[in-house]
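Values in this text are rule-based calculations from the coordinates and carry no lab data. Since the structure is predicted, the reported quantities are computational estimates derived from the model, not experimental observations. Note that we place each Cβ from the backbone using ideal geometry, even for glycine, and neighbour counts take in every protein chain shown.
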Amino acid sequence: MKTVFTVLMMSLGLSALAQGYKIGDKVKDFTLKNVDGNMISLETGREAKGAIVVFTCNHCPFAQAYEQRIIELNARYAPLGYPVIAINPNDPVSVPEDSYGEMQKRAAEKGYEFPYLIDETQEVAKAFGATRTPHTFVLQLDKGKYVVKYIGAIDNNTESAEKATEKYVEKAVDALLNGKKVETTEVKAIGCTIKWKKS
């Protein structure tokens, strides 16, 4: 009986973690520390038209496979008003490779031109309902509020951009830039599970 209760409570806990923003929801502003030591929030990019928020990290093979694609998304869309905001939600106690110091090294080595923020309390990841790395949210700035327009995978190939036949994030942002409705709004994110704090 105790085992059944424990499993049930764990399931409820996982369900709670899976709750988060849905398509059309307005995103609450947040402020997190960037690798350069500055505090960054959604409000920081008020001159933007939106944002591509990506929960990612250093150690995950999937995050590494998508790293160059994330860099290219920022290079393509930041000048058009949709910059990338990368957030590392992992507990560095569980995964030392995802510590703040290692994030700084990674960003410097790869020449990130976008914020790489640490979600130390994991509250932002929970608010978004992020579960994987990478897990992407395309937001559109509408009447002073960031609204969720797409949630999920960057594309349909975890190995390489060249093999991808569906580029979900690009299609979503292109549609928004052209004043059109996003056709595919949700696709399951494929990646490593977020390493949540144990306490």
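Laid out as a table, the results:
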read-out: Check on residue 64, among the polar types (S, T, N, Q), surrounded by 13 or more Cβ atoms within 10 Å (Cβ to Cβ) and within 22 Å of residue 160 (Cβ to Cβ); value: yes
read-out: Within segment 14-126, strands (runs of 3 or more DSSP E) holding 2 or more residues that are in contact (Cβ under 8 Å) with a residue 24 or more places away in the chain; value: 31-34, 50-55, 84-88, 116-118
read-out: Residue in segment 127-134 that is more than 13 Å from residue 20 (Cβ to Cβ) and in a loop (DSSP other than H, G, I, E, B) present; value: yes
read-out: Every residue from segment 147-199 that is in a helix (DSSP H, G or I) and in contact with a Leu (Cβ under 7 Å, 6 or more places away or on another chain); value: 169, 177
read-out: Any hit, segment 122-130, residues being out of contact with any strand residue (DSSP E or B) (no Cβ under 6 Å at 6 or more places or on another chain) and charged (D, E, K, R); value: yes
